[in-house]
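Contents: one structure, followed by commentary.
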Amino acid sequence: MRTQVSEAGSRGAGVATGLVALGASGLDIEVVDPAKTWWAALRRGVDLSAQQARQVTQSAFHTFDYVLAMGHDNLNALTALRPAGATAALSLFLDFAPDAGIDEVPDPYNGGTDGFEQVLDLVEQGAAGLLNAITERHV
């Protein structure tokens, strides 16, 4: 997403890039082999070495404007966790990529080496759509 904002130039200038990866369960933040993801991203010029995931808490729904789930199981868990009066919009990440043809980001480990490339393609589509939605709504 930071790459998308940077590439947007003046259109992305008013978009804060306070992004964080949050897992809905402990399993979501346990990465079996992060090197596969990092290498796939590096081949695209994206450095993930400073990224850290942490488990989502109820405060995220008051801290962030958007809480996005990668799949329906995550969305259900986040919906159950969402406190009354929460201000963050809650949806699937790929709701911002309607041309992707799917609504969940698949587990890259199920797709071999190509699985990581597919996930990065989807993340780039979702990030572009999210940036468009943010700039249309907030900037």
Under 18 Å from the 7 Å Cα→Cβ point of GLU124, by amide nitrogen: which residues of segment 47-86?
-> 47-49
Derived scalar couplings ³J(HN,Hα) [segment 114-121; Karplus, 6.51 cos²θ - 1.76 cosθ + 1.60; whole Hz; x for Gly, Pro] | 5, x, 5, 5, 4, 4, 5, 4
Under the 7 Å Cα-to-Cβ spin-label approximation, ALA53 and GLU117 lie apart by a distance in nanometres of 2.3 nm
Protection proxy (average C-beta count within 10 Å per residue), highest first, orders 94-104, 45-55 as 94-104, 45-55
Between TYR109 and TYR66, with labels modelled 7 Å along Cα→Cβ, what's the label distance in nm to one decimal, could you check?
-> 2.7 nm
Which whole-number percent is the relative contact order of segment 45-139 (Cα, under 8 Å, 6+ apart)?
-> 22 percent
Could you calculate the contour length gain from LEU90 to THR135, that is, 0.36 nm times the residue separation minus the distance between their Cα atoms, to one decimal place in nm?
-> 14.4 nm
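FYI, it's all coordinate maths here, none of it is from the lab. As the structure is a prediction and not an experimental result, all values here were calculated from the model. Every residue, glycine as well, gets a Cβ built from its backbone with ideal geometry; the counts of neighbours run over all protein chains shown.
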